[in-house]
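What follows is a short report on a single structure.
The values are calculated or read from the model by the stated rules, or taken from the named source; none is laboratory data. Just so it is clear, the model here is predicted, and its values are computed rather than measured. Here the Cβ is made from the backbone with ideal geometry for all residues, glycine too, and neighbour counts use every protein chain on show. Surface accessibility is based on the protein's heavy atoms, side chains included, excluding ligands, DNA and RNA. Shrake-Rupley method; radii C 1.70, N 1.55, O 1.52, S 1.80 Å.
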Amino acid sequence: MIVSKKDIPNFLDKLISEYQVFAPVKEETYTLFKQICSGADAALDAGNTKLPAKEIFFPQSEKLFSYNVSEEGARLEAPVDDQKKVIFGVRPCDAKSLTLLDNVFNNDKYQDPYYLTRRNNTIMIGIGCNSPASTCFCTSVNGGPFDTKGLDLLLVDTGDAYVVEVVSDKGREIAEKAGFAAAADANKDAAAKVKQDAVVTCQVNIDGLKAKLDVNFYDSIWEKIHEKCLGCGACTYLCPTCHCFDIVDEATDCNGCRVRNWDSCAFPLFTLHGSGHNPRTSNKERYRNRIMHKFKYFVDNFNEIACVGCGRCIKNCPVNMDIRVVLEDIRGSEARLDS
Amino acid sequence: MKNPYLPLPMKLVKNFTETEDKLIHTFTLQYLNEEDEKSFSYMPGQFAELCVFGKGEAPFGIASSPTEPGFLKFSVAKVGVVSTALHLMEEGTIVGVRGPLGNYYPVEEFKGKNVVIIGGGFAFTTLRSLATYMLHPERRGDYGDITVIYGARNPGLLLYKEELAAWEQSPDINLVTTIDRPVDGWNGRVGFIPAVTEEVAPSAENAYAIICGPPVMIKFTMPVLEKLGFTPKTTIMSLENRMKCGIGMCGRCNVGGKYVCKDGPVFTRAQLNQLPNEY
Ligand SMILES: Cc1cc2nc3c(=O)[nH]c(=O)nc-3n(C[C@H](O)[C@H](O)[C@H](O)COP(=O)(O)OP(=O)(O)OC[C@H]3O[C@@H](n4cnc5c(N)ncnc54)[C@H](O)[C@@H]3O)c2cc1C
Ligand code: SF4
Ligand code: FES
């Protein structure tokens, strides 16, 4: 199927009458996912958003429930957001990240109703990346600029129009309802050419990385690798697969609410015990945990690398820590088995 | 979809100062309705998030045993926001309990075996649950000898003194209590747990050892247990990493790829040997 770019605002306006629609919106020098009231607000030519779409499903700060406590008991109210949503213009890396987070919020024992309800009620319309940024390395971590994982529809930008690839039944329904025209062979060829021309120039060789991480927990490489890191946590807040959070109460007397806020394994207080003991005392242990979590623990648990190669951590680290270099350094290091 | 974040409201019916230094209180909580008790079905070794509305929640091992119906018990050391709020709480106040969480001591595997329970300091809470569970008249026959070695710095710091006195008299359990330094009127043993364990020398034959306590105690008792013949598979520990969600999502309590809250807190030594030492 195919849709002309000039018909997109109209397409979005129709969706807005039925769904909460989120799309990249221009802020000063960057774009962010926001709920839009008009299809014309979507900024679709500006590369990936500064923050991933993760927060639409797992907000930075979110009320879990409110309560009212009396002598007789407690009245709890836990409204779960079940509004139908469309995310328009999400990039393949960010769409994939949600399929990774699904493993966490729907684990072998527990389901997170807040995240999962939003996931189940959301349609994901992605746009492929014709010109991947210099910091992108999705193809090194089992992704790609036109990957369809986690998407319902994928749009391929062929200049004046998007060629629409249907990925799921949900996607098909939306596309049919919108009345997208059938793509001519010429359009399909154009889309194929765009895909071929879009090259992710940066390649990180991670062959053997997992095998190395399996045995190098006590290796001296970790003494060096973290040295530059300030422990500011910026990378964790920008990461589409990071999911750590804290739970706190906000209350006055007997009325209040329990709130969860993003947290970060880069912070010392994250693991500090009540006794004063801390299993991850320094930046070394904390940085090691971040790498291990994404490239070993997550793989052991869910058979997937918890990094989608979006490059946000590389772009935004105040001291230019580059995860691509870190991974190469680890891979090239001599593993030591002893402790 | 069951919401795992919602606490069960319960009434604090007893706020008991457990130790001489007043730093540990034992809280007895009662269910507000019968259905709540049915929905809270737990086993020894599990924990729960206890919440003081307005202050927040924190994880504590369940000190009562499922063989004691009608209430839950927690023994809490005063270290921070939630624990202090609990200590100051008046009886009759409503608190929240979220759980039961985590796995439990493998009581099925203990059947037909001798069980050696070793506890130090205030980490005796879920061990009390375990001992009480196995001592229940309907279950006592399932297990062989039950030995409890329990130590504290001084007699005033031992938890559950009345119960200890009763166990002292009971033919069903072999209780050994110890304190660090001699005190007038104390007729238990004197010495640190590792040394006392070596003296008592419980047989590892057809037996499991369960050990909870401060890291130093664990560190020095481990070699003793090894010498006695307890293997990594028959040595069981319970970890206490810092936790929030208790359900394997907030990312805080991991040891390697395992979440202590969801995959533990009870692990065999053999399982822990496969994991990095981040606990
Ligand atoms: C499975 C499990 C079972 C447990 N069982 C028991 C039990 O049976 N009994 C028991 O007493 N404990 C138990 N614990 C430990 C208990 O969970 C902690 O003591 C409890 O979480 C403390 O909560 P709090 O709100 O009182 O302390 P917090 O307020 O969270 O503070 C704890 C400590 O952290 C430090 N801290 C916190 N925030 C800051 C900050 N902003 N800046 C600097 N320092 C800070 C403080 O030094 C403080 O001493 C268990 C833990 C686990 C995981
Ligand atoms: S953004 Fe950079 S300095 Fe900050 S925690 Fe991440 S790697 Fe360390
Ligand atoms: S306490 Fe949240 S993951 Fe274990």
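Go over the candidates A:THR49, A:THR29 one by one and state the one that is in the same structural domain as A:GLY89 (by TED's automatic domain parsing), surrounded by 20 or more Cβ atoms within 10 Å (Cβ to Cβ) and not aromatic (Phe, Trp, Tyr). Break it down stepwise before answering.
On the way: A:THR29 fails: surrounded by 20 or more Cβ atoms within 10 Å (Cβ to Cβ).
The conditions single out A:THR49.
Among the conditions (1) touching a residue at least 24 places away in the same chain (Cβ under 8 Å); (2) on the phi < 0 side of the Ramachandran plot, the only one that A:ASN320 does not satisfy is (2). Condition test on A:LYS315, is it open to solvent by 50 Å² or more (accessible area, probe 1.4 Å), in contact (Cβ under 8 Å) with a residue 12 or more places away in the chain and not β-branched (Val, Ile, Thr)? Answer is yes for this residue.
Of all residue pairs spaced 6 or more apart or on separate chains, those with beta-carbon atoms under 7 Å, a first member in region B:66-83 that is farther than 13 Å from B:ASN15 by Cα and touching a residue at least 60 places away in the same chain (Cβ under 8 Å) and a second member that is more than 16 Å from ligand 2 (Cβ to nearest atom) and open to solvent by 30 Å² or more (accessible area, probe 1.4 Å) are B:PRO66/B:MET43; B:THR67/B:HIS136. Only residues that are of a type in the set (A, V, I, L, M) and more than 12 Å from ligand 1 (Cβ to nearest atom) were counted in region B:243-254, giving 2.
With the requirement that a residue be facing chain B (nearest Cβ under 8 Å) and either touching a Phe, Trp or Tyr at 6+ places or on another chain (Cβ under 8 Å) or at pLDDT below 95 (or both), what does region A:286-313 give you? Within region A:286-313, just A:MET292 meets the criteria. For region A:204-216, a residue qualifies if it is over 23 Å from the mean Cα position of the chain (by Cα) and surrounded by fewer than 20 Cβ atoms within 10 Å (Cβ to Cβ), and the qualifying residues are A:ASP207, A:GLY208, A:ALA211, A:ASP214, A:VAL215.
This table checks each residue for (1) over 13 Å from the mean Cα position of the chain (by Cα); (2) assigned to a helix (DSSP H, G or I); (3) facing chain A (nearest Cβ under 10 Å).
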| residue | (1), (2), (3) |
| --- | --- |
| B:LYS73 | no, no, no |
| B:VAL79 | yes, no, yes |
| B:GLU90 | yes, no, no |
| B:GLY99 | yes, no, no |
| B:TYR105 | no, no, no |
| B:VAL115 | yes, no, no |
| B:ILE118 | no, no, no |
| B:ALA123 | no, no, no |
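Scan region A:166-177 and give yes if some residue there is assigned to a helix (DSSP H, G or I), farther than 28 Å from A:GLU285 by Cβ and in contact (Cβ under 8 Å) with a residue 60 or more places away in the chain, otherwise no. Yes, region A:166-177 contains at least one residue that is assigned to a helix (DSSP H, G or I), farther than 28 Å from A:GLU285 by Cβ and in contact (Cβ under 8 Å) with a residue 60 or more places away in the chain.
Counting the residues of region A:249-280 that are within 10 Å of chain B (Cβ to nearest Cβ), at negative phi and open to solvent by 50 Å² or more (accessible area, probe 1.4 Å) gives 9.
Rundown of residues vs (1) under 18 Å from the mean Cα position of the chain (by Cα); (2) in contact (Cβ under 8 Å) with a residue 24 or more places away in the chain; (3) over 21 Å from B:LYS258 (Cα atoms); (4) away from ligand 3 (no atom under 16 Å from the Cβ), yes/no style:
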residue	(1), (2), (3), (4)
A:THR281	no, no, no, yes
A:ILE291	yes, yes, no, yes
A:PHE298	yes, yes, no, no
A:GLU304	yes, yes, no, yes
A:GLY309	yes, yes, yes, yes
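Remark: pairs (first residue in region B:159-188, farther than 20 Å from B:SER203 by Cβ; second residue part of a loop (DSSP other than H, G, I, E, B) and open to solvent by 90 Å² or more (accessible area, probe 1.4 Å); Cβ separation under 7 Å; 6+ apart in sequence or on different chains) = B:LEU159/B:PHE122; B:ILE179/B:ARG153; B:ASP180/B:ARG153; B:ASP180/B:PHE192.
Only one of these is in a helix (DSSP H, G or I) and within 16 Å of ligand 2 (Cβ to nearest atom): A:CYS229, A:CYS242, A:CYS235. Name it.
Numbers: A:CYS229 fails: in a helix (DSSP H, G or I); A:CYS242 fails: in a helix (DSSP H, G or I).
Of the residues listed, the single one that is in a helix (DSSP H, G or I) and within 16 Å of ligand 2 (Cβ to nearest atom) is A:CYS235.
Can you name the number of the only condition in (1) more than 17 Å from the chain's Cα centre (by Cα); (2) within 13 Å of another protein chain (Cβ to nearest Cβ); (3) without any contact (Cβ under 8 Å) to a residue 12 or more places away in the chain that B:CYS245 fails? Among (1) more than 17 Å from the chain's Cα centre (by Cα); (2) within 13 Å of another protein chain (Cβ to nearest Cβ); (3) without any contact (Cβ under 8 Å) to a residue 12 or more places away in the chain, the lone unmet condition for B:CYS245 is (3).
Only one entry of A:ALA161, A:ALA191, A:ALA186, A:ALA178 meets the criterion of being loosely packed, with under 13 Cβ neighbours inside 10 Å, outside the structural domain of A:ILE221 (by TED's automatic domain parsing) and either of a type in the set (Lys, Arg) or farther than 30 Å from A:TYR297 by Cα (or both), and that entry is A:ALA186. Applying the condition of being small (Gly, Ala, Ser) and within 16 Å of ligand 3 (Cβ to nearest atom) to region B:81-112 and asking which residue is surrounded by the most Cβ atoms within 10 Å (Cβ to Cβ) yields B:GLY102.
Scanning region A:122-153 for residues that are open to solvent by 30 Å² or more (accessible area, probe 1.4 Å) and touching a strand residue (DSSP E or B) at 6+ places or on another chain (Cβ under 6 Å) yields A:ASN130, A:THR148. Cβ-Cβ distances below 7 Å connect the following pairs, each with a first residue in region B:262-273 that is under 17 Å from B:THR125 (Cβ atoms), a second residue that is among the charged types (D, E, K, R) and modelled with pLDDT under 95, and a separation of six or more residues or different chains: B:PRO265/B:GLU240.
If you check A:PHE180 against the conditions, is it closer than 27 Å to A:ASN121 by Cβ and touching a helix residue (DSSP H, G or I) at 6+ places or on another chain (Cβ under 9 Å)? Yes; evaluated as a whole, the condition is true for this residue.
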